[in-house]
1. What accessible surface, in Å², does a 1.4 Å probe find on LYS320, ignoring ligands, DNA and RNA and rounding to the nearest 10?
2. Expressed in nm to one decimal, what extension gain is obtained for the pair ILE43 and LEU77 from 0.36 nm per residue of sequence separation less their Cα-Cα distance?
3. Considering the chain as a Gaussian network with a 10 Å cut-off on Cα pairs, which listed residue, TYR174, TYR283, TYR12, attains the greatest mean-square fluctuation?
4. Using Cα-Cα distances under 8 Å and only pairs 6 or more residues apart, what relative contact order does segment 44-98 have, in percent?
5. Please work out the Cα center distance from segment 317-387 to segment 75-111, rounded to the nearest Å.
6. Could you tally the net charge around GLY321, taking each other residue with its Cβ under 15 Å from the Cβ of GLY321, Lys/Arg +1 and Asp/Glu -1?
7. Please give the contour-minus-distance gain from ARG220 to LYS306: 0.36 nm per residue of separation, less the Cα-Cα distance, rounded to one decimal in nm.
8. Under 1.5 on a/c is rounded, so check that first for segment 248-387, then, if it is not, pick prolate when a/b is larger than b/c and oblate when it is not; a ≥ b ≥ c are the square roots of the alpha carbon gyration tensor eigenvalues.
Amino acid sequence: MGFNAQVKTEKYEYDWGIIVNFKHQTSKKKKGENPLTSEAVIIVDILLHVKKSSGDGETNVPCPDGEAGDVEVVPVLHTLIHQISSLRVYYPKDLRPADSRKSVLKTIGEVKKRFPEGPPLLNPIKDMKIDEPVFKDCVARIKLLEERLYAHPIHNDKNRGALTAAYERKQETYEELTQAKNELRKAKSILQMDELKKRKRVLRRLGYCTATDVIELKGRIACELSSADELLLTELIFNGVFNTLTPPQCASLISCFVCDENSSQASATGEELRGVLRQLQEYARRIAKVSMDAKMELDEDEYVGKFKCTLMDVVLTWAKGASFLQICKMTDVFEGSIIRTMRRLEEVLRQLCQAAMNIGNTELEIKFSEAIKLLKRDIVFAASLYM
């Protein structure tokens with residue numbers, strides 16, 4: 001007697017067959033593999049209904065419907081057994097004659113007639129008497145998941161095969177997308193490293209660090225400045241541009257770093273600021289040229305154009321004590337934009353105070369502090385505009 005079993009491979013699904021024998025076999029070990037740790041497999045001999053051999057090299061293929069085929073004893077890996085029935089059926093003792101093997105087909109046919117929905121499956125708890133609590137829990141979970149699977153509308157859908165194939169293609173495409181994203185991330189990291197090398201080259205050429213990447217005094221100052229262009233501000237400090245300016249003039253010049261507004265009105269910047277504005281633009285061009293020499297993607301005119309002098313006169317007049325109404329009449333920039341620029345300017349001045357203190361330049365620190373006091377007054381720095 002032998003148990004009914006159903007075999008399913010990646011390529012084929014066989015009809016029910018009869019288990020006639022099994023044997024343990026050690027899998028072929030790879031070079032250098034410890035034989036004690038090699039995985040053991042079970043080879044099960046099963047009587048299966050297969051197609052007659054046509055001599056094309058492919059054997060033991062499931063017999064198509066309508067063909068007589070042959071019944072052969074096929075050695076099968078235990079992992080390919082899809083289902084095992086609890087039924088035990090008789091088969092001839094001598095399986096060498098082809099007629100004896102073919103008689104098995106009648107036995108399997110009788111089983112199918114008695115169980116149209118399929119023979120009862122082997123129950124590991126009732127039939128095999130496995131009483132482990134962990135195993136029982138696993139069986140209960142499998143049963144619950146199978147019930148959910150069979151209750152799903154797609155399970156009995158006529159187009160289930162096409163839908164499954166489409167989903168598999170989607171998963172393959174998703175995996176390809178994930179792989180492409182990972183490759184893109186790696187490429188970006190390489191680009192960022194290249195960008196880092198270029199920036200370090202700029203810092204060395206401008207004297208912010210040594211050839212061994214040790215931070216110099218200029219680099220320490222630039223580290224304190226994060227609200228505006230730190231390189232240009234540091235250049236202005238170290239070249240003494242602020243030394244001859246008054247606190248209102250310092251605030252007016254620094255407004256170029258935080259102003260992003262354009263004005264249709266012509267700038268009325270006086271002689272007292274025209275010279276320092278020209279210096280600012282010269283240092284900006286120098287930084288741009290050094291950056292371009294270091295192979296960085298930078299447009300010189302665009303970089304210099306970032307520093308707008310739109311509100312220089314407005315900030316200068318405000319720092320000298322003018323009212324908010326007076327400065328609003330000086331420009332067509334919106335009042336909210338003026339207030340936002342003033343507040344950003346105050347933040348940059350605070351960072352400049354800290355930078356001046358770090359290099360021990362007390363005079364410059366006092367000058368920037370005084371500029372903050374002149375700016376921080378009236379409605380521009382009110383806690384709320386709804387007063």
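1. About 130 Å², rounded to the nearest 10.
2. Separation in residues times 0.36 nm, less the Cα-Cα distance, equals 11.8 nm.
3. Between TYR174, TYR283, TYR12, it is TYR12 that shows the largest mean-square fluctuation.
4. 36 percent
5. 94 Å
6. +1
7. Fully extending the segment from ARG220 to LYS306 adds 28.5 nm.
8. Because a/c hits 1.5 or more and a/b fails to exceed b/c, segment 248-387 counts as oblate.
The values are calculated or read from the model by the stated rules, or taken from the named source; none is laboratory data. Computed from a prediction, not measured in an experiment: that's the story for all the values here. Using ideal geometry, Cβ is built from the backbone for each residue, glycine included, and neighbour counts are taken over all protein chains shown. Keep in mind that these areas ignore ligands, DNA and RNA; they rest on the heavy atoms of the full protein, side chains included. Shrake-Rupley method; radii C 1.70, N 1.55, O 1.52, S 1.80 Å.
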